[in-house]
Amino acid sequence: MSLLEMEKKWQSKWEEARIFYSDPKKMKKFFVNFPYPYVNGFMHLGHSFSLMRAEIFARYKRMRGYNTVFPFGFHATGTPIVAAAERVKDGEKSQIEILEKMDVPKELIPKFSDPEFWVKYFPQKSIEDLKLLGLCVDWRRSFITTSLNPFYDKFIKWQFNKLKEKNFVVKGEHPVTWCPKCNNPIGDHARLEGEGITPEEIILLKFKFNGKILPAATYRVETVFGVTNMWINPEFKYVEAEVDGEIWIVSPIAADKLTNQKHDIKIIRELDPNDLIGRTCENPLTGNKIPILPATFVSPEIGTGIVMSVPSHAPYDYIALKDIQSNPLKYGVSETLVKNISPIPLIIVEDFGKNPAIELSEKMGISSQEDVDMLEEATNIIYKKEFHQGVLNEKTGKYEGVKVSDVKKVIVNDFINSGIATLFYELPGKVTCRCLSKGVVRIVSDQWFLAYGNSEWKDLAKKCLAQMNIYPEKARKQFEYVLDWLKDWACTREFGLGTKLPWDEKWVIESLSDSTIYMAYYTLAKYFEDPSYNINPKKLDDYFFDYIYLNIGNIDEVTAKSELPKELISEMKEEFEYWYPFEFRNSGKDLIQNHLSFCIFNHVAIFPENLWPKGFGVNGWVLVDGEKMSKSKGNFYTIRQIVSMYGADAARITLMNGGEGLDDPNWDSEFARTITDKLKNWHDFCIENYGKGRTEKLYIDRWFLSVLNKTIKETTEAMEETNFRTALSKGFFGLQRDLKWYLKRCLNSPNKEVISEAIKIQTLLLAPFTPHICEEIWEKIGFKSFISNAAWPEYREYMIDKISEESEYYIEDVVNDIREIINILSRGELKALEKIEIFTAEDWKWELIELVRNKENIGEATKTAMSKEEFRKNAKDVNLIIQKCFKNRYFPEKFNEKEVLNEAKSFLKEEFKTKINIDPLEDPGNDRKKSLPRKPGIHIYFM
RNA sequence: GCGGGGGUUGCCGAGCAUGGCUAAAGGCGAUAGACUCAAGAUCUAUUCCCGCAGGGGUCCAGGGGUUCAAAUCCCUUCCCCCGCACCA
């Protein structure tokens, strides 16, 4: 039978027997889950590693005797699917290609213009794929999110009502990237350019100009103390406008931006920049009168089109100033106006002198304000240096002596409070919407937030984390950091699939926010998804979830309202109470800073302490043969591709062998290719050897039983910590090596009981990883029930036999020594051996070791030894032995070398295909003298 | 910059929290041999350098230190990866 057939066979047997359909039982339970994937495509290698960790742990715990449940849902909330469907509708080529590349049948593609079709198609395909991988999932509990699933919809509404009751959902405003034409926020997926760009906060400083305001936009408020002049662009028109009751002068584009940022704005008239150039305005902070000068580097697109000039710390300003001072007439200003302008240094930085901008501009050889690239670079360097290391000087008044990075926020607040500055948002790069319009920043008001910044809430979350298992424990710090740092999260959108905010239906609950406590929903999904229960979602409201999840209300009321049988409601409630909380949820480490932390927050907000999450596992991102997986590199694989190329068992074990901990696991194609044969060989070996062999007990059998038990111990420990790679390394590769040695040592004649035991143990240890082939072996060696339900092997302490392990190391060392000598002497060419003689150490050498074992140092030891006549006459060897022992701090325990060697004699004979003499009476080469304890003298005779 | 994780012998990766049996597991790759008409698979050996008797030398990002002894402890420098959000 081919491996593929084997996999098919067992997958259908599992399904028939419904062995992974887990229901409450009077047993200890284990609840494993995985963040449901977003259903805009097939599941791929990236998903498979994280979910495989959940899978392996689930199978392991099942074998450890836990009633284990592993449910699996699908996520459809959010905008990407809607946007993609929209694109299909528009016949957009690139989107259609994406689908084609996924091997979606051509005739189905038009159907993808409906988001609902995605939500039907991909979950179904994903389930197929995951079944091919052999997951032990209870598929009765699968569901999709959003209002397309009325049950889930009700559940999310309940969740948000709960949060609202506790004042954890609050209203506020926040800036978004916005398309003025579509009248919508532009998410990353809806952009032609500018992915990842988000609004940045900048400050407008209100310079006074004849009762009007010249608002200069800046990231660097602290430099207002050093402004020497203002810049405006002489080539563009400006406008005068009434803004929140003041008269502002800004570029027309800036006027538009202000409208989107909640400012009341009315344009009064257009303004020629030349009417401003040459005149003076007033620094609102220092009261200094400063000239308004022309500069072409000023862009009307950025900020307000008005720039304050700080030549000491801004390369642009310095260069522009130099330009104009060297040739005022060219710029149409009088010489007297500019000649006395000199930079005002404000910030002290270690690696620079007084005027960093001047130094750096000159060092880089920037000559004109048109050298944009170099100016940008210089600006960046200076900004970073000054922000992180800079300290303000005496010109900055009360801020003197403080680091820029420490005082920036304070300055901003001070300025805003005193009315000389206001907040403004700007995009740090160009964002273009799919409709080709340019994105702007818009302040969205009446936005709803989850108040993760709330300190009481935070404290509860931290308490929860402290009680949780984190796998690996190393990741805990990261969680602690994130819980501290999380701020309020905008939890509603105006667009996309999802559940409507129950009390404000213009909003849809955002995708990360509707996925925080849904693990509790799995316990009920089994009922909701089964039509035979005839549950009407319209009847299910908060009262229902209150009762099931929180034990609020009474059964009679719930029965009446839901129109469901009392017994069913009780069963559902008991089901939830049985399974919850969950023990293990595993994901990529990228979800630490949002989803997993949100999961903690929402649990502690809604559920009592006994229902808080018990454990999270996190892992790195899958590499493919050492490289990041990406579609453009052509190393992007879906689960179905992987399974069809290598088979499920090979794929599973390859994934788990790829890595553990927080390191990025590596999918090794070479390993995947070669492991199949190893597994197949194991299968064949089991069938050939199980229940066969000699009945006589030998010394080496004891050794192997000891090793077997040590392996069980180490593998189990690794499994408990979800260190699956270690588990494979000990429990498979290590054991295989030991088995090989065992077979060699007993001259391929294993003891029947021992070999059968080994076959059982090895197959059991492997079962979570490669369940299909293990089921097959299990069946063929005569077990009637599934290995998936078999008990994990128990470690038996009394089987551990230190002495036989030590003796075996000794034999190994002897073999290695003999081999080394042969290699050196024969130099690669094969010479036939005549015989090998082995001489064990004389008793007095062992006695010497006993004598010096507890001595402080070599001198002490030598002195003691030499005081005895019998050692004195072998002074040279005594010295050698003492030195060796002390050098390695290793004093071997005495054992009967001759006996051990004799036991292994036939093996040695077989191994070297020659005669072996142990302690022969004749010793013509005086080889016995060379023997040391645990290191016999060896003499090799060639033909 | 902040927070986290790392840098080990051709590659991947153990070991490092409890320093000594560590030239440093295992896998992969490579080389040689066995098997085969042959390829693959499998098996055996080798895979830092030197060595015609089991030995010696140099190694674990760089530098310094502690110690009888350091890949392992301490200090310092350099380098890489991830996150810093309103997105699934």
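The values are calculated or read from the model by the stated rules, or taken from the named source; none is laboratory data. In this text the structure is predicted, and so the values were computed from the model without any measurement. All Cβ positions, glycine included, derive from the backbone under ideal geometry; neighbour counts span all protein chains shown. Keep in mind that these areas ignore ligands, DNA and RNA; they rest on the heavy atoms of the full protein, side chains included. Shrake-Rupley method; radii C 1.70, N 1.55, O 1.52, S 1.80 Å.
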Checklist entry - Could you give the angle, 0 to 90 degrees to the nearest 10, between helix A:875-888's Cα long axis and the longest principal axis of the Cα atoms of chain A? => result 30 degrees
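To the nearest 0.05, how large is the calculated FRET efficiency for residue A:263 and residue A:326 if R₀ is 35 Å and r is the Cβ-Cβ distance?
Values: r = 39 Å, r/R0 = 1.12.
Efficiency for this residue pair is about 0.35.
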Checklist outcome for this item: With label points set 7 Å from each Cα along the Cα-to-Cβ direction at residue A:843 and residue A:785, the distance between them in nm comes to 5.7 nm
Checklist entry - Which of A:591, A:728, A:681 sits closest to the plus end of the dipole of chain A, meaning its Cα is farthest towards the positive end, when Lys and Arg get +1 and Asp and Glu get -1 on the C-beta? => result A:681
Item to check | Among A:319, A:135, A:115 the positive-end extreme of the charge dipole of chain A (Cβ point charges) | outcome: A:135
Checklist outcome for this item: Result for chain A: accessible area per residue, probe 1.4 angstrom, in square angstrom, of 45 Å²
Checklist entry - Using the alpha-carbon atoms, what tilt in degrees (0 to 90, nearest 10) does helix A:315-326 show relative to the longest principal axis of chain A? => result 40 degrees
Checklist entry - So, in nm, how far is label residue A:1 from label residue A:903 when the simple model puts each one 7 Å beyond its Cα toward the Cβ? => result 4.0 nm
Checklist entry - How do A:667, A:844 rank by accessible surface area computed with a 1.4 Å probe, from largest to smallest? => result A:844, A:667
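Among A:659-666, A:282-289, A:596-603, how do they line up from the highest to the lowest mean number of other beta-carbon atoms within 10 Å?
Values: A:659-666: 18.9, A:282-289: 15.6, A:596-603: 24.6.
Descending packing order for the listed peptides: A:596-603, A:659-666, A:282-289.
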Next on the checklist: Applying a 10 Å radius around every beta-carbon, put A:166-173, A:764-771 in order of their mean neighbour count, most first.
Outcome noted: A:764-771, A:166-173
Next on the checklist: For chain A, what does the relative contact order come out to in percent, with C-alpha contacts under 8 Å and a separation of six or more?
Outcome noted: 13 percent
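Would you calculate a helix-derived [θ] at 222 nm for chain A, using -39,500 (n - 2.57) for each DSSP H run of n ≥ 4 and dividing by the full residue count, to the nearest 500?
Numbers: 34 runs with 408 residues, N = 943.
That calculation yields -13500 deg cm²/dmol at 222 nm.
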Next on the checklist: If you count only protein heavy atoms and use a 1.4 Å probe, how large is the accessible surface of residue A:302, to the nearest 10 Å²?
Outcome noted: 110 Å²
Checklist outcome for this item: Put A:497, A:4, A:450 in order of accessible area, largest first, probe 1.4 Å, and you get A:4, A:497, A:450
Checklist entry - So what J values fall out for the stretch A:141-156 if you push phi through Karplus, 6.51 cos²θ - 1.76 cosθ + 1.60 with θ = phi - 60°, rounded to Hz, Gly and Pro as x? => result 9, 6, 7, 10, 8, 6, 5, 5, 10, x, 5, 4, 4, 5, 4, 5
Item to check | Cut-off 13 Å, label 7 Å out along Cα→Cβ of residue A:850, residues of the stretch A:895-936 by amide N | outcome: A:895-896
Next on the checklist: Order A:264-271, A:642-649 from most to least packed using the mean count of other Cβ atoms within 10 Å.
Outcome noted: A:642-649, A:264-271
Item to check | Contour excess over end-to-end distance, with Cα ends at residue A:173 and residue A:910 and 0.36 nm allotted per residue | outcome: 257.1 nm
Checklist entry - Any idea of residue A:182's accessible area? Nearest 10 Å², probe 1.4 Å. => result 60 Å²
Item to check | Compactness relative to 2.2 N^0.38 Å, alpha carbon Rg of chain A | outcome: 1.29
Item to check | Net charge of neighbours whose Cβ lies under 12 Å from the Cβ of residue A:444, counting Lys and Arg as +1 and Asp and Glu as -1 | outcome: +2
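Please report the relative contact order for the stretch A:200-426, taking Cα pairs under 8 Å with a sequence separation of at least 6, and give it as a percent rounded to a whole number. Show your work: numbers first, answer last.
Values: 462 pairs, mean separation 53.6, N = 227.
The normalised contact order for the stretch A:200-426 reaches 24 percent.
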Checklist outcome for this item: Expressed as a percent, the accessible surface of the stretch A:200-426 that is carbon or sulfur, using a 1.4 Å probe and the full set of protein chains, is 50 percent
Checklist entry - Looking only at the stretch A:886-903, which residues have a backbone nitrogen under 20 Å from a spot 7 Å from the Cα of residue A:815 in the C-beta direction? => result A:896-903
Checklist entry - How much length is gained on full extension from residue A:857 to residue A:824, taking 0.36 nm per residue of separation minus their Cα-Cα distance? => result 8.4 nm
Checklist entry - Quick one: Cα centre-to-centre distance for the stretch A:429-449 and the stretch A:224-287, in angstrom? => result 23 Å
Item to check | Proximal aspartates and glutamates to residue A:89, defined as alpha-carbon separation beneath 12 angstrom and excluding residues fewer than eight positions away on the same chain | outcome: A:114
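Starting from the residue with the highest accessible area, list A:352, A:907 in decreasing order, probe 1.4 Å. Walk me through the intermediate numbers first.
Details: A:352 40, A:907 5 Å².
Accessible-area ranking of A:352, A:907, largest first: A:352, A:907.
Assigning unit charges at the beta carbon (Lys, Arg +1; Asp, Glu -1) and nothing else, what dipole magnitude in debye, to the nearest 20, does chain A show about its Cα centre?
Details: 130 positive and 140 negative charges, 318 e Å.
That gives chain A a dipole magnitude of about 1520 debye.
On the protein heavy atoms, probe 1.4 angstrom, tell me the percent of accessible surface of the stretch A:826-942 carried by carbon and sulfur. Write down the numbers at each step before the final one.
On the way: 3350 of 7020 Å².
Of all accessible area on the stretch A:826-942, carbon and sulfur atoms account for 48 percent.
Please find the FRET efficiency linking residue A:632 to residue A:212, where r is the Cβ-Cβ separation and R0 is fixed at 51 Å, and quote it to the nearest 0.05.
0.45
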Next on the checklist: If the only charges are +1 at each Lys and Arg Cβ and -1 at each Asp and Glu Cβ, what is the size of the charge dipole of the stretch A:200-426 around the Cα centre, to the nearest 20 debye?
Outcome noted: 600 debye
